[in-house]
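Trainee: Just dropping this structure here.
The values are calculated or read from the model by the stated rules, or taken from the named source; none is laboratory data. Since the structure is predicted, the reported quantities are computational estimates derived from the model, not experimental observations. Don't worry about glycine lacking a Cβ; one is built from the backbone with ideal geometry, like all the others, and counts go over all protein chains shown.
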Amino acid sequence: MDLQIRTSTDAGFDTEEWLHGVTRGFLRAPRMSAAEVSEWLTRSDPGRLRGAFTDGRCVATYRSFDQRLTVPGGTDVPAHAVTGVTVSPGHRRRGLLTRMMTADLAEAKEGGEMLSTLVAAEHGIYGRFGYGPAGASAAYTVERAEAGLAANWTLPAEEGVLDFYVDGSLVRTEGPELFERFRLLHPGAVDRPARWWSVATGEVPRDPAWREPWFVVHRDADGTLQGMASFTTDRQWDRGVPDGTATVHWLVATTPTAERALWRSVLSMDWVRRLKADQLPPDALLPELLPNPRAARVTETNDFLWLRPLDVPAMLRSRGYAVEGELVLEVTDPLGLAAGRFLLTAGPDGADCATTTRAADLTLDASALGTLYLGDRPASRLLTLGRLAEETPGAAHRADLLLGTHRRAWTPDVF
Ligand SMILES: CC(C)(COP(=O)(O)OP(=O)(O)OC[C@H]1O[C@@H](n2cnc3c(N)ncnc32)[C@H](O)[C@@H]1OP(=O)(O)O)[C@@H](O)C(=O)NCCC(=O)NCCS
């Protein structure tokens, strides 16, 4: 049967059928609802779509779009983000993902992109395409009774004001500016498109399981918005005793005071016995913001953001470095997009990176460089794991010092 891979720049590309393909591929439903299709078509920035079609039916999907990624040093860089990757069960393992991804990455390279990002559904899929796990996420549970919070806790006036149960419209109006300040504090954070806020506040049609969340905001003593959180609660009781769970979907805070106030506010609700949060950094402040940090338990950790180098000098020049240092990296690449030998000369005042003929300090493939880039995992760890080779004694340790960061890389949002 005729099978063709098409891109959204081809005349007659069937975007609606492509959307049904994604919905099927992620096992959401046999098709997207008409309301969702119409909303997506009118409000989304589709980016670049690829799909495999047979007899008008979309059996494989792929999408890439422009993103901003926060890197060490409190700045952000352009990223070529990949999402919507699905292949129907009847067409898997025939190279459809390989064809779509290699073509897309080659175009991205040609177009001058410096790196590509994605969130991997399974660990085994993307290493072969030069992506490496570059950040991490963790799920936490806090038992309120163990947290050591005073039962009658309220926020001291000098620490600002908490506003409970604010409306989604306030979140849509004030959230984006707060998030822009917040995301630059966290290497690995990505921008939230305008539509993200509509989806998170229920302004657009969602699947039937969606429930409108509660929102709480924190303003400092000067009245400046410094934090915002979204959570849902169940209303469980256990033989006459409240047994509720509050699930925090996202919490954005630009000061430790705001962060502490928001966590405590959710933990202070009378019928809430435990708090759950699935998408936090593994070094989240949450435990130590509680009088008893042991009340917060990590229930899951995961690699989350994956990163693939495309233009090594551009990406290494674009991040910040806390200390002075020099490294020669020999990068290999199965797709030939980022290979070469590069000299990085970096320090707190800036960095330079260019091809060199000097002898290499470290040899590594594109995926290992993707893992090192945001500083989440030290080079010496990758050396121990056999993911890079040391050509100059002590070079991995020098790389640890040069590329290391004080907080782990973390991506708050799925994309
Ligand atoms: C993951 C998925 C997109 C792979 O598509 P595909 O067209 O079958 O992939 P390809 O045929 O191009 O496979 C390329 C290689 O990756 C391997 N591979 C594919 N999926 C894999 C997986 N889930 N785990 C491990 N390896 C995988 C293949 O075995 C093949 O290896 P080979 O070249 O050594 O033979 C498809 O299985 C799928 O749609 N899964 C469900 C949705 C999903 O998980 N999407 C990813 C969202 S991030």
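Trainee: Checking Asp243 against (1) modelled with pLDDT of 95 or more; (2) buried (at least 21 other Cβ atoms within 10 Å of the Cβ); (3) more than 30 Å from Gly112 (Cα to Cα): exactly one of these is not met. Which one?
Mentor: Asp243 satisfies all of (1) modelled with pLDDT of 95 or more; (2) buried (at least 21 other Cβ atoms within 10 Å of the Cβ); (3) more than 30 Å from Gly112 (Cα to Cα) except (2).
Trainee: Being over 14 Å from Ala134 (Cα atoms) and not acidic (Asp, Glu): is that true of Ala338 here?
Mentor: Working: over 14 Å from Ala134 (Cα atoms): yes; not acidic (Asp, Glu): yes.
Yes.
Trainee: While we're looking at this one, here's another question. Considering only residues that are farther than 21 Å from Ala277 by Cβ and small (Gly, Ala, Ser), look in the stretch 220-233 and name the one that is farthest from the chain's Cα centre (by Cα).
Mentor: Ala221
Trainee: For the stretch 116-139, name all the residues that are in contact with a helix residue (DSSP H, G or I) (Cβ under 7 Å, 6 or more places away or on another chain) and under 24 Å from Arg297 (Cα atoms).
Mentor: Across the stretch 116-139, the qualifying residues are Pro133, Ala134.
Trainee: Working only within the stretch 170-219, note down all residues that are among the hydroxyl-bearing types (Ser, Thr, Tyr) and either within 22 Å of the chain's Cα centre (by Cα) or modelled with pLDDT under 95 (or both).
Mentor: Hits for the stretch 170-219 are Ser198, Thr201.
Trainee: Within the stretch 159-176, can you find the residues that are under 17 Å from Ser230 (Cβ atoms), assigned to a helix (DSSP H, G or I) and touching a residue at least 40 places away in the same chain (Cβ under 8 Å)? Spell out the reasoning first.
Mentor: Of the stretch 159-176, the ones under 17 Å from Ser230 (Cβ atoms) are 162-176.
Applying the additional criterion that residues be assigned to a helix (DSSP H, G or I) yields 168-176.
Within the stretch 159-176, Gly168, Leu170, Val171, Glu174, Gly175 qualify.
Trainee: Considering every residue within the stretch 39-54, establish whether at least one is without any contact (Cβ under 8 Å) to a residue 40 or more places away in the chain, more than 16 Å from the ligand (Cβ to nearest atom) and outside any helix (DSSP H, G or I).
Mentor: Yes: the stretch 39-54 contains one or more residues that are without any contact (Cβ under 8 Å) to a residue 40 or more places away in the chain, more than 16 Å from the ligand (Cβ to nearest atom) and outside any helix (DSSP H, G or I).
Trainee: Only one of Gly336, Gly347 is touching a residue at least 24 places away in the same chain (Cβ under 8 Å) and among the small types (Gly, Ala, Ser). Can you tell me which?
Mentor: Gly347
Trainee: Which one of the conditions (1) of a type outside the set (S, T, N, Q); (2) within 26 Å of Arg192 (Cβ to Cβ); (3) touching a Cys at 6+ places or on another chain (Cβ under 7 Å) does Glu17 fail to meet, given that it meets all the rest?
Mentor: Result: Glu17 fails condition (2) only.
Trainee: A further question follows. Just give me the residues in the stretch 400-409 being buried (at least 17 other Cβ atoms within 10 Å of the Cβ) and either under 20 Å from Gly130 (Cα atoms) or modelled with pLDDT under 95 (or both), in sequence order. Break it down stepwise before answering.
Mentor: Here is the first cut: in the stretch 400-409, the residues buried (at least 17 other Cβ atoms within 10 Å of the Cβ) are 400, 402-405, 408-409.
Those that are buried (at least 17 other Cβ atoms within 10 Å of the Cβ) and either under 20 Å from Gly130 (Cα atoms) or modelled with pLDDT under 95 (or both): Leu403, Ala409.
Trainee: Could you check the stretch 258-302 and list, in sequence order, the residues that are touching a residue at least 60 places away in the same chain (Cβ under 8 Å), aliphatic (A, V, I, L, M) and in contact with a Phe, Trp or Tyr (Cβ under 7 Å, 6 or more places away or on another chain)?
Mentor: Ala277, Leu280, Ala284, Leu286, Ala296, Val298
Trainee: Only one of Thr371, Thr392, Thr345 is among the polar types (S, T, N, Q), closer than 27 Å to Leu285 by Cα and out of contact with any Leu (no Cβ under 6 Å at 6 or more places or on another chain); which?
Mentor: Thr371
Trainee: Still on this structure, please answer the following. Can you tell me which of (1) of a type in the set (A, V, I, L, M, F, W, C); (2) out of contact with any helix residue (DSSP H, G or I) (no Cβ under 9 Å at 6 or more places or on another chain); (3) buried (at least 20 other Cβ atoms within 10 Å of the Cβ); (4) closer than 29 Å to Leu275 by Cβ is the one Val142 doesn't meet?
Mentor: The one condition Val142 does not meet is (2).
Trainee: Here are Ser88, Ser116: which of them is within 16 Å of the ligand (Cβ to nearest atom), polar (S, T, N, Q) and under 17 Å from the mean Cα position of the chain (by Cα)?
Mentor: Matching residue, one of Ser88, Ser116: Ser116.
Results for (1) in contact (Cβ under 8 Å) with a residue 40 or more places away in the chain; (2) surrounded by 20 or more Cβ atoms within 10 Å (Cβ to Cβ); (3) outside the structural domain of Gly47 (by TED's automatic domain parsing), shown as yes or no for each residue.
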residue	(1), (2), (3)
Gly320	yes, no, yes
Gly325	yes, no, yes
Asp352	no, no, yes
Ala360	no, yes, yes
Ala368	yes, yes, yes
Ser380	no, no, yes
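Trainee: For the stretch 66-77, does any single residue satisfy the condition of being within 16 Å of the ligand (Cβ to nearest atom), out of contact with any Phe, Trp or Tyr (no Cβ under 6 Å at 6 or more places or on another chain) and modelled with pLDDT of 95 or more?
Mentor: yes
Trainee: Something else now. What residue, of Glu107, Glu122, is outside the structural domain of Val272 (by TED's automatic domain parsing) and away from the ligand (no atom under 15 Å from the Cβ)?
Mentor: Answer to the check: Glu107.
Trainee: If you check Met100 against the conditions, is it aliphatic (A, V, I, L, M), part of a loop (DSSP other than H, G, I, E, B) and either away from the ligand (no atom under 12 Å from the Cβ) or crowded, with 18+ Cβ neighbours inside 10 Å (or both)? Talk me through it step by step, then tell me what you get.
Mentor: Details: aliphatic (A, V, I, L, M): yes; part of a loop (DSSP other than H, G, I, E, B): no; either away from the ligand (no atom under 12 Å from the Cβ) or crowded, with 18+ Cβ neighbours inside 10 Å (or both): yes.
For Met100, the condition - aliphatic (A, V, I, L, M), part of a loop (DSSP other than H, G, I, E, B) and either away from the ligand (no atom under 12 Å from the Cβ) or crowded, with 18+ Cβ neighbours inside 10 Å (or both) - is not met.
Trainee: Here's a follow-up. Only one of these conditions is not met by Glu36: (1) in contact with a helix residue (DSSP H, G or I) (Cβ under 6 Å, 6 or more places away or on another chain); (2) at pLDDT below 95; (3) not in a loop (DSSP other than H, G, I, E, B). Which number is it?
Mentor: (1)
Trainee: Then there is this: Taking Tyr140 as the residue in question, decide whether it is within 13 Å of the ligand (Cβ to nearest atom), under 22 Å from the mean Cα position of the chain (by Cα) and of a type outside the set (Lys, Arg). I'd like the intermediate steps shown before the answer.
Mentor: Working: within 13 Å of the ligand (Cβ to nearest atom): no; under 22 Å from the mean Cα position of the chain (by Cα): yes; of a type outside the set (Lys, Arg): yes.
No, not satisfied.
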